[in-house]
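These notes concern the structure reproduced below.
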Amino acid sequence: MSVQQKKAKPSKPAGPTTLDLIKKAIADLNDPKGSSGTAIKKQMAAKGIVKSNVIVNKALKRGVETGVLKQVKGTGASGTFRLDTAKAKQAQKEKEKKVKDQAKKKAAQEKNKAKKAAAKAKKSAAKKKPAVKKTAAKKTKKKAASSSKPKKTVKPKKAVKKPVKKTAKKSPAKKATKKAKK
């Protein structure tokens, strides 16, 4: 027998993302013209954070695409980068708004589940309740009505007789042959 195992989702690493580390490095460099990719990598290494060039380059590109970083010179991961504070604040607000919307949706879903559970419990309780009893007044009316009318007697049904099967009569010639044999 083969046992199927579910693939475990890789957990997110603890700590800040590479993009957050890059933002801190740019802020520490505080260059008004912008910081180059190599200067950012050196600043991160000076703080004891060693990331591969590929990871840092991808984070730089993602930062430019999302609007957190502004590319002053160059294209792709090469050139100089600055923090785009206006867009960074706007992106942060959008992120917070999404989180709030998700929280509202989750709360609404839980509320709906609670309502459905309450309705289900109410239905099951209604099924368990005995039938509504008739009032005493209705019972007395029925008794009075039943006593005034004479009861009909039920005649037993006649039993239906099944026809008896008649056996076929033997012809006289066969009787004669039987007597002769004896």
TODO: Tell me, please, whether a residue that is surrounded by fewer than 10 Cβ atoms within 10 Å (Cβ to Cβ), farther than 23 Å from residue 89 by Cα and over 38 Å from the mean Cα position of the chain (by Cα) can be found in the stretch 27-38.
DONE: no
Task: Those residues of the stretch 37-61 which are modelled with pLDDT of 90 or more and among the hydrophobic types (A, V, I, L, M, F, W, C), in sequence order - done: 39, 40, 44, 45, 46, 54, 55, 56, 59, 60
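Here's the yes/no breakdown for (1) within 39 Å of the chain's Cα centre (by Cα); (2) modelled with pLDDT under 75:
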position	(1), (2)
79	no, no
84	no, no
93	yes, no
120	yes, no
124	yes, no
128	yes, yes
141	no, yes
Open item on the list: So the check is Cβ under 6 Å with 6+ separation or different chains; which pairs have a first residue in the stretch 46-58 that's assigned to a helix (DSSP H, G or I) and a second one that's among the hydrophobic types (A, V, I, L, M, F, W, C)?
Closed with: 57/77
TODO: Taking residue 8 as meeting all but one of (1) in contact with a strand residue (DSSP E or B) (Cβ under 7 Å, 6 or more places away or on another chain); (2) farther than 18 Å from residue 79 by Cβ, write down the number of the exception.
DONE: (1)
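The values are calculated or read from the model by the stated rules, or taken from the named source; none is laboratory data. Just so it is clear, the model here is predicted, and its values are computed rather than measured. As a convention, Cβ positions derive from the backbone with ideal geometry for all residues, glycine included, and neighbour counts pool all protein chains shown.
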